[in-house]
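Student: This is the structure I have questions about; it appears just below.
The values are calculated or read from the model by the stated rules, or taken from the named source; none is laboratory data. Small disclaimer: the values here were computed from a predicted structure and weren't measured. For neighbour counting, all protein chains shown are included, and Cβ atoms are generated from backbone atoms with ideal geometry for every residue, glycine included. In case anyone asks, the SASA skips ligands and DNA or RNA and just uses the protein heavy atoms, side chains included. Shrake-Rupley method; radii C 1.70, N 1.55, O 1.52, S 1.80 Å.
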Amino acid sequence: MHLTGRYPSWWKGKRFTEPVEMWAASDTGETTRDILQNEYLGNSSKGTLGTVHSSLIVSTTNRAGIAGAIDTALIRHVSGGISQLGFKSYDQGRAKFQGTHKHVIHLDEEPPQDVYDECFMRTAGVGAKERGIILMTMTPLGGMTPLMTNYTEGRVSGEPVDGRVFIQAGWEDNPHLSVEERIDLEKRFATRPHELEARKLGIPSIGSGLIYPIEESRIVCDPFEIPDYWPRCFGMDFGWTNPTAVVWLALDRQQDVVYAYAEYAQSELPPQTHTNNIQARGVWIPGACDPAGQSANQKDGEALLTAYQSHGLNLSKADNAVEMGIQQVYERMLTGRLKIFRTCDRLLSERRMYARDEKGKVKKVNDHCMDALRYAVVSGLTLACTKAATIKQASSYRSILSM
């Protein structure tokens, strides 16, 4: 669309009204030829069509050293001008990505950081020209690299933030994969669960450092109406620049299954505003929080807890034994006794990245809902109650005072 200027009427994204200069690149010259070149221009020898109609391809020049590889293609633009599409590969090195301003750069599979940085500079506005765009399509087998974190940390799939957005897609979103093919693919990667999730669901593969190495399909469930007689509670992690995060749980006592059914994460709001937002899900629901908050010492943490309690939030200190709490959450996930509503986007996103560093310590990055979940499981469940029980208890208390 950007090369030809032929946008469908429903397109709400970026539009270029004049011809564009574009690069498309992948790992090697061969993969660029076999994948990107074929997708854009097709392959006449095989009779395959590309996304750019052949009638709009003005001319092409060949790339030296790689049979059948194209270096540059000139594409007719709807304005009457000519767009230029150049094919490159990461194995050419950073220096080959130096040059002039580019309107669009398409990187297929994750590039080396220095190549990405050079491409980013190429899309920076030059003089009166507007900033260009970078598109990346990849299976995140490299895990949470700095480049991946740059797009995913603190973000939810499909939500643009600061001019960046990531869209997570899996096999289920692929219309040309049959059910039989999906089953066969799952069998092939069954012994490599982290790689399976990266390929099947687009979840970054973190490997042995993952704290909860369980397939997402085993813990995610569709939302349903929670029975009134199921006790509820929440866990809360304090923050300011980082979000104040809350995760609500409901307990099916008969099956001993806990459901994380709602989440909340907001930054730079005072305790009163957070309290109002949290109580909107039920003033009667009790919560367990980080005993120290994000303060410098325990005393400040207690002051923060007191502030929330003074606004009427039913909040108590949680047990903050991290490893013990992680073990409890993991055991419930492993045995099918902890489920997460698929609508809890941030909680699920954090779980996919929740990992240990090379020294075995929990990485304190993008883990606020994870901490809230741990507080809720470890301490919140001991406080969990139903709305009816809370009303009955309050009524009994008023009766005693009236005597």
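Student: Checking Thr72 against (1) within 25 Å of Glu130 (Cα to Cα); (2) in contact (Cβ under 8 Å) with a residue 60 or more places away in the chain; (3) among the hydroxyl-bearing types (Ser, Thr, Tyr), only one condition comes out false. Which one?
Tutor: Among (1) within 25 Å of Glu130 (Cα to Cα); (2) in contact (Cβ under 8 Å) with a residue 60 or more places away in the chain; (3) among the hydroxyl-bearing types (Ser, Thr, Tyr), Thr72 violates only (2).
Student: Scan region 240-262 for residues that are closer than 18 Å to Val156 by Cβ and open to solvent by less than 20 Å² (accessible area, probe 1.4 Å) and report the count.
Tutor: Residues meeting the conditions: 8.
Student: Taking His194 as meeting all but one of (1) modelled with pLDDT of 70 or more; (2) assigned to a helix (DSSP H, G or I); (3) open to solvent by 30 Å² or more (accessible area, probe 1.4 Å), write down the number of the exception.
Tutor: (1)
Student: Would you mention how many residues in region 9-23 are within 17 Å of Leu135 (Cβ to Cβ) and of a type outside the set (Lys, Arg)? Even if it seems obvious, please write down each step before you answer.
Tutor: First, pick out the residues of region 9-23 that are within 17 Å of Leu135 (Cβ to Cβ): 11-16, 20-23.
If we keep only those that are of a type outside the set (Lys, Arg) as well, we get 11, 13, 16, 20-23.
Matching residues across region 9-23 total 7.
Student: Could you identify the single residue in Gly29, Gly65 that is touching a strand residue (DSSP E or B) at 6+ places or on another chain (Cβ under 7 Å) and small (Gly, Ala, Ser)?
Tutor: Working: Gly65 fails: touching a strand residue (DSSP E or B) at 6+ places or on another chain (Cβ under 7 Å).
None of the other options fit; the residue is Gly29.
Student: Right, next: Given the structure, is Asn297 modelled with pLDDT of 95 or more and farther than 19 Å from Val377 by Cα? Write out each step before concluding.
Tutor: Values: modelled with pLDDT of 95 or more: no; farther than 19 Å from Val377 by Cα: yes.
It is false that Asn297 is modelled with pLDDT of 95 or more and farther than 19 Å from Val377 by Cα.
Student: Restricting the search to region 343-371, which residues are over 13 Å from the mean Cα position of the chain (by Cα), charged (D, E, K, R) and not in a loop (DSSP other than H, G, I, E, B)?
Tutor: If the condition is that a residue be over 13 Å from the mean Cα position of the chain (by Cα), charged (D, E, K, R) and not in a loop (DSSP other than H, G, I, E, B), then Arg356, Asp371 are the ones that fit.
Student: Just give me the residues in region 60-80 being closer than 16 Å to Thr28 by Cα and among the aliphatic types (A, V, I, L, M), in sequence order.
Tutor: Ala64, Ile66, Ala67, Ala69, Ile70
Student: Cβ-Cβ under 7 Å, sequence separation 6+ or interchain: first residue in region 333-356 and in contact (Cβ under 8 Å) with a residue 12 or more places away in the chain, partner small (Gly, Ala, Ser) and part of a helix (DSSP H, G or I). Which pairs?
Tutor: Ala355/Gly209; Arg356/Gly209
Student: Right, Gln168: open to solvent by 60 Å² or more (accessible area, probe 1.4 Å) and of a type outside the set (Val, Ile, Thr) or not? Can you show your working first?
Tutor: Numbers: open to solvent by 60 Å² or more (accessible area, probe 1.4 Å): no; of a type outside the set (Val, Ile, Thr): yes.
Judged against the criteria, Gln168 is not a match.
Student: Right, something else. What number of residues within region 224-270 are without any contact (Cβ under 8 Å) to a residue 40 or more places away in the chain, in contact with a strand residue (DSSP E or B) (Cβ under 9 Å, 6 or more places away or on another chain) and over 26 Å from Ala292 (Cα atoms)?
Tutor: 4
Student: Additional query: Please find, within region 34-49, the residue that is most open to solvent (accessible area, probe 1.4 Å) out of those that are at pLDDT 95 or above and either touching a helix residue (DSSP H, G or I) at 6+ places or on another chain (Cβ under 9 Å) or under 16 Å from Lys96 (Cβ atoms) (or both).
Tutor: Per the stated criteria, the residue is Leu41.
Student: Return the residue satisfying two criteria in turn: it lies in region 234-277 and is out of contact with any Cys (no Cβ under 9 Å at 6 or more places or on another chain) and of a type in the set (A, V, I, L, M), and of such residues it is modelled with the lowest pLDDT.
Tutor: Top of the filtered list is Leu269.
Student: To continue, here is another question. Does region 365-385 contain any residue that is within 23 Å of Asp319 (Cβ to Cβ), at pLDDT 80 or above and of a type in the set (Lys, Arg)?
Tutor: Checked against the condition, which is being within 23 Å of Asp319 (Cβ to Cβ), at pLDDT 80 or above and of a type in the set (Lys, Arg), region 365-385 yields at least one hit.
Student: Continuing with this model, one more query. Being within 19 Å of Leu36 (Cα to Cα) and of a type in the set (Asp, Glu) narrows it down to one of Glu153, Glu172, Glu109, Glu159, so name that one.
Tutor: Values: Glu153 fails: within 19 Å of Leu36 (Cα to Cα); Glu172 fails: within 19 Å of Leu36 (Cα to Cα); Glu159 fails: within 19 Å of Leu36 (Cα to Cα).
Matching residue, one of Glu153, Glu172, Glu109, Glu159: Glu109.
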